[in-house]
Structures are given as C-alpha cells and as structure tokens.
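Student: One structure is given below, represented as structure tokens, and several questions about it will come after.
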Amino acid sequence: MDPVADSIEVIDPSTEQVITRLPAAGVEHADRAVARAKAAFATWRNVTAGDRATILRRVGVAVEEQAVSLAQLESRNVGKPISDALGEVGMVAATFAYYAGSPERLTGKTIPVPGGVNVTFKEPMGVVGLITPWNFPLAIASWGVAPALAAGNTVVLKPAQLTPLTAIELERIALEAGLPEGVFQVLAGPGSLVGERLVEHPDVAKIGFTGSTEVGKRISIRASETIKRVTLELGGKSANIVFADADLEQAAAAAPGAVFGNAGQDCCARSRILVERSAMDDFLGLFSANVAAMKVGDPMDKATEMGPLITAEHRSKVASFMDDDTTVVARGTAPDGPGFWFAPTVVTPNSPGARAVTEEIFGPIACVLPFDGEEEAISIANDTVYGLSGSIWTENGARALRVARALEAGTLSVNSNWSVRVATPYGGFKQSGIGRALGPDALDYYTELKNVYIATG
C-alpha cells in the first residue's frame, strides 16, 4: 500500500511543518465502526440515566484536567491562539458537564385522553454519525457527542481531515473515563469516503453535520434516501449592526473579535458591519485603530489575537475577495515567512453586488456598509441566503428588540458579539442550517418522540 495515499498528513498552519501522519480510514473502516456502534447501542440505551450521567461527568472532568495539553494540540493543528484554544477546551468540559445532567431529565408527558391515558417517551435514535469541521474541531465535536450520548445513542465521529488530533484524544479520554467500547468512535479519513459512507449507511439513524452550505445540501439529499434525521449547521454572512446612538467605542472594540476571531474562519463571523451613516466616520476611525493594533503571529504566544489561515489554498480563496469591487480602508499586520498568514483587513464595497458583501469569505476581511435608519438596516441585514447570527448595537432597548425580532437569523446578541453559550440553543435560519446545537433544545434532535396510549376502560 502506498503510505502517502493511505495516510493523513497533519500540518501546523503557522509553520507549514508536518505535525504527524495518521492512517486514513476508508469505507470498510466506516462499516466496521457502524457495526460496532449498532451492537453497543443495544446495551448503552439500557444503561441507567444515572450511570450515563456519571460517565459523561467523568469525561468533562478529564477534559478539564488535560486542558493545557488539549489546547496546545488544538492550537498547533488549527493555528488558533492558545488563549482561544484554552477557552474552547473549557467549553468542551462545560458541555459534557451540562449534558451529564440531561439523562435524568429526559422525561415525557402524561396526557389525559378519553378512555385511557397517553404517555410519551423520548427514545434514543440509534447510531449517530457526526461530521465536524476543521475550524473548531474539539468544541463542535462536543456539541454533538455529549447530547447524543446523554440521550442513549452511540456515536461515530468523522473529524475534518485537516484537524483530527483532538477528536482522537477525546475518544481516548472517553474510554478512560469508563465509556464502553463501541459507544463513541472516531474515524479520521476523507469526507468523500468516510463521511459519505456514514450518510448513506442504512444503520446510521441520524447525521449531524457542521460545514459549508454546499456540502450540507449534498448531505441532505443523500440522507433523504434512507430518511435519516439530520441537523445541519452551515454557512453564514452575519451582520454587525451599529446604530448612531450606540456606545461606539465599545462596538468598535468588540468588532475585531467578531469578524477576525479564529482568523475569520467562523461561520458566525460578523463579516458585514452595517453602520448608521451619521456615525460611519467615527466608527471607522475607532475600528481601524483597533484593527491596526491587533497582534497577529505565533499561536502559542498568549498575547496573540489572531493566527494563520488553515491552508495555502484557503488563503488564496480569501485573497480572491480583494478585487476591484472593494476599497481597503484599514489593514493590520501579519508575519512574513512560513505560515498561511493574511492580515486582518477592512474594506468598503464599490458596488452592492461585491462578492465581499454577498458571499461567505471565511477569512479576516470585514466589509463595512452604511445605512440610513432602522428599516434599511434590517433590509440590508436580511438580504442574504444565510441567517446564522448577528449583533445589534444601540442604547435604545425598544429598538434592539424590534430589530432582533425582524432579523432572519437564529442567534443574535445585543451590545455583544458573543454567539455561543452551552446552556442556550445555537443554529440558523434559511440556508444556515436545520436544527439546533447546545442548550436543552439540542436533545430533541437526538431523540425520537414515542406516543403510547393505554386504555383504562
């Protein structure tokens, strides 16, 4: 066998050096993993709620105890700043702790009906296939693994081929914490082989996918052939709306993190900044200064705020948005030499149809547009096929609520750029996806509702 063709080369995007090489899983590995998961489901679904909770709690504790080594591995593999990686690992531990409290709360209802009584149960689905992205490998894996296991399912996880290392570590941690063999398995391999096999496999009951809208559409079509349940967390083109009455210093201080966090490789990045025209000059001055001051460099340096892009190919794609349809109004700095670096950049469009305005960039480019009044702000914000997240900056509480209700997006913040919290639902409208991760609502997407009528006459 050709060792190159049958292995995965894992690269550090800040140095372009090989971290490690792993065997690449294929279709036959997926089939065996699904068979093991199906067999394990027969036992795992009947493990008491208290015992499932205990194991999940142990996983969370173990993740917390190994937070530094996991964060260092994530930082090297993805190129994200170590401070961000530490925060994400903390969220992973919190996610397992949160869903450890769920098995004993997965209760149904008793519904009085004529001639008897009706009882509902939330039943596990079976084998869940999770396909996760390269930008937040460990965090997003935990968003699916923890609720799926809490509900009594078994899981086969296919991490992104570019960033599989922390998912593999999570499998080890879970086994050491007492999770039975076959209940949670990780397969590192190409999406065209492993991912597609999980989507089409008749013994996989549900697919959870996070990634691009284009791939999500294909998964939805393929999954429909076996009527699989799906949750899809897809692309975004989120708006960061700044009204003239907002605290402009606060909005401008938060805006860089809202779009340049994780080097802009974030589906909920607020890459369209809409500013009320009368405040445009003041906001741009503050924002540009903050962008220029961003520290871009070594991800392992605690002072670093932004790392590199994931690959040279992705850097070229991001650079393609710097065309004649945009004007650069501010740009930060980035290192020279090895690494897939791209300086944080602020542009204004030269036409309403500029690609930077309409397409998901998935890189550190912010497009700033003016608006006149609340109605136009809403219209511009909603003028996209996406509907994942967004922010509203204003000191007017009534306006904030009006705009939030009018925006076609699933996850919004007022006077904040934060989208994700363990205890609250996360997901999008329109072509940004189907279903919700996190919070109590996520469990509904890993269970089937069973209705039982008992005659008492």
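Student: Grab the chain and count how many Lys pairs have their alpha-carbon atoms under 16 Å apart, sequence gap of 8 or more, or different chains.
Tutor: Summing the qualifying lysine pairs gives 14.
Student: Using Cα-Cα distances under 8 Å and only pairs 6 or more residues apart, what relative contact order does the range 53-144 have, in percent?
Tutor: 31 percent
Student: Check each of the GluC sites (Glu not before Pro) in the range 190-269 and keep only those in coil by DSSP with at most 10 other C-beta atoms within 10 angstrom; list them in order.
Tutor: Glu225
Student: Which loop trypsin sites (Lys or Arg not before Pro) in the range 232-308, with loop taken from DSSP, have no more than 12 other Cβ atoms within 10 angstrom of their Cβ?
Tutor: Here the trypsin sites (Lys or Arg not before Pro) that fit, given the DSSP loop and packing criteria, are Lys302.
Student: How high is the relative contact order of the range 128-188? Use alpha-carbon pairs under 8 Å, at least six apart in sequence, and give a whole percent.
Tutor: It comes to 39 percent, rounded to a whole number.
Student: On a 0 to 90 degree scale, rounded to 10, what angle separates helix 397-406 from the longest Cα axis of the chain?
Tutor: 60 degrees
Student: Take the alpha carbon atoms of the range 221-376, find their radius of gyration, then divide it by 2.2 N^0.38 Å using N residues; give the quotient.
Tutor: 1.12
Student: Based on DSSP, what percent of beta bridges with both residues in the chain are antiparallel, to the nearest 5?
Tutor: Around 40 percent antiparallel, to the nearest 5.
Student: Let me ask you something else. Is it possible to state the helix-based mean residue ellipticity at 222 nm for the chain, with each DSSP H run of 4+ residues giving -39500 (n - 2.57), the sum divided by total residues, to the nearest 500 deg cm²/dmol? What is it?
Tutor: Taken over the chain, the calculation gives -11500 deg cm²/dmol.
Student: Something else: In the range 291-433, what percentage of the DSSP-assigned beta bridges are antiparallel, given to the nearest 5?
Tutor: 40 percent
Student: Around Asp325, with a cut-off of 12 angstrom between Cβ atoms, what is the net charge of the other residues, counting Lys and Arg +1 and Asp and Glu -1?
Tutor: -2
Student: Starting from the Cα gyration tensor of the range 293-353, take the square roots of the eigenvalues, sort them a ≥ b ≥ c, and report rounded, prolate or oblate (rounded when a/c is under 1.5, otherwise prolate if a/b is larger than b/c, else oblate).
Tutor: Oblate, since a/c reaches 1.5 and b/c is not below a/b.
Student: Let me make sure I get this right: for the range 329-444, a, b and c are the square roots of the gyration tensor eigenvalues over alpha carbons, sorted descending. Under 1.5 in a/c it's rounded, otherwise prolate if a/b > b/c, else oblate. Which is it?
Tutor: Oblate, since a/c reaches 1.5 and b/c is not below a/b.
Student: For a bin width of 10 Å, list the pair-distance distribution of the range 40-132 built from all Cα-Cα distances, rounded to whole %.
Tutor: Percent of pairs per bin, in order: 14, 30, 28, 18, 6, 3, 0.
Student: Still on this model: Note the angle between two axes, namely the Cα long axis of helix 280-292 and the longest principal axis of the Cα atoms of the chain, as a number of degrees from 0 to 90, rounded to the nearest 10.
Tutor: The angle comes out at about 70 degrees.
Student: Within the set of other residues whose C-beta is less than 15 Å from the C-beta of Ala148, count the net charge using Lys and Arg as +1 and Asp and Glu as -1.
Tutor: Summing Lys/Arg as +1 and Asp/Glu as -1 gives +3.
Student: Taking just the alpha-carbon atoms of the chain, what radius of gyration and Dmax come out, in angstrom?
Tutor: 22.8, 81
Student: May I pose another question? Decide, for the range 1-61, between rounded, prolate and oblate: order the square roots of the alpha carbon gyration tensor eigenvalues as a ≥ b ≥ c, take rounded if a/c falls under 1.5, and otherwise choose prolate if a/b is larger than b/c, else oblate.
Tutor: It is oblate, given that a/c is not under 1.5 and a/b is not larger than b/c.
None of the figures in this text is laboratory data; all of them are computed from the coordinates on show. Here the structure is a predicted model, which is why all the values come from computation and not from measurement. Virtual Cβ from ideal backbone geometry, glycine too; neighbours counted across all protein chains shown.
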